[in-house]
1. Using 7 Å Cα-to-Cβ label points, what is the N83/T407 separation (nm, one decimal)?
2. What FRET efficiency do you get for L172 and T322 if R0 is 45 Å and r is their Cβ-Cβ distance, rounded to the nearest 0.05?
3. Roughly how many whole Å is it from the C-alpha centroid of region 119-173 to that of region 28-69?
4. Select from L412, A363, H328 the residue farthest towards the positive end of the dipole of region 296-414; place +1 on Cβ of Lys and Arg, -1 on Cβ of Asp and Glu, and compute about the Cα centre.
5. State, to one decimal in nm, how far the label point of Q12 lies from the label point of E192, with both points 7 Å from Cα in the Cβ direction.
6. Going Cα to Cα from K389, which aspartates and glutamates come in below 12 Å? Please leave out same-chain ones fewer than 8 positions away.
7. Residues in region 342-366, backbone N under 19 Å from the label point at S330 (7 Å along the Cα-to-beta-carbon vector): list them, ranges by number please.
8. Of K11/K163; K19/K283; K163/K283; K30/K283; K30/K163; K15/K283, which pairs sit farther than 29 Å apart, going by alpha carbon to alpha carbon?
Amino acid sequence: MALAPHSPGSKQHEKDYLKRTGVADWDRLKPFAPPGRDTVEESVALIHDFAVALRCLAPTPADRLLDLGAGACWCSDWLERLNLRAVSVDISHDMLALGRTRLRDPRRLVAGDMEHLPFADGSFDKAICLNALHHVPDIPRALGEIARVLDEDGVAVFSEPGKGHDARPGSLAAVRDFGVLEQEILVTDVLEACERAGFAEVRITPLAYTLPGLGLAPGDWAAWDRQARRRRPFRAAEKIWRGVLELLGLGKRGPLFEEAFAATVVRTLKGAMDDHPIVVARKRRSPSRDTRRLLAVIAVLEAPGRSAPGHPVGLRVRARNTSGAPWHASNPSGVGHVRLGVQLLDADGRLLNRDFHRADLPADVAPGGDVVLAVTCPAPAASGTYTLKLDLVAEGVSWFEPHGSGTASTRLVVR
């Protein structure tokens, strides 16, 4: 089915879905089973979708997230448990009312239509849409709205049922019994619709769970499609020719195996992507630099070398952001903002106090940017020779050093 506008009559049925189906016990616990129910197959699929989407989206606690078609907010609930901030939007008041019972902070619930999102331009950093886009009558319009409410670096992840979904027994029953809209999502159509909506880079992810960075652009998808559609006579003719080369000693066994294996892999993965496409759409093309956040180069510009016990020690430190993402100096959630950490080591370099001192960044630091900090920390109370080791820390997430980032040190004699 092409991504074309449909009748809006299904929207009222979506609003009334919870009343008519009586599935509140499921939506209250989703993706886990209510007592006495067997939902293993559906539950595992939902859990997998969530894991894949987050690997592709790579959200941080500083990100403003939008949960599209949130329903009873099971995805928002899990995001909240990961200390991530999400605004949940759904067309159904009833679903959102049920979602209020799941969330620690129910203030971020908004009743809204994906075709007319009630948010200002650039309101969000990232958006997640799990199995909801195929219910929207005018998908191209919804994609345009999603692109509009994302900022200039915005990213959206869509996980949807794919080819033939509208003809499956469950979909036919849902349309017949409840009047909701069930559409198939065809990969080529949704990739093209995302590009028309204003996304600069759109990729479908064949191995999203294990390799979230691997994705096929529309041209790559077309090549895979051609490979998967190649008919046996043409493949057989190529193999016969290669067999002749083998007999003459002009070929190797490797190419025969590699060609057959590659064809099998392409057909298998293309079938999986047709059945359940996972699409990552970006407002800006991915940077060529390392996209990890926790990378820095640190240098000590000034250090006293000596101090009296317990007296203030003044340091000047420069830190350069060598990652592909900004460092945020603050975050309302209290998680993920970057600070300079001072670790206290003894004369032999053994750690005495990993959380000896912290210093705030004066402002956010963009990728490639520098910041110079004037740090004042206390000297140890006991006389001796120490090392002050300097590293950056994303609070509540990790120190930078375990991610391959550099540190800096300075010797301090306390007398």
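1. 2.1 nm
2. Computed FRET efficiency for L172 and T322: 0.25.
3. Each part reduced to its Cα centre gives a spacing of 16 Å.
4. Projecting each Cα onto the dipole axis, the largest value belongs to L412.
5. 3.4 nm
6. Here the aspartates and glutamates satisfying the reach criterion relative to K389 are D346, D355, E401.
7. From region 342-366, the list is 358-366.
8. The pairs that break the limit, which is 29 Å between Cα atoms, are K19/K283; K30/K283; K15/K283.
Read-outs: derived from the displayed coordinates by stated rules, not from any lab. Since this is a predicted model, take the numbers as computed values, not measurements. Counting neighbours? That spans all protein chains shown, and the Cβs are built from the backbone with ideal geometry, glycine included.
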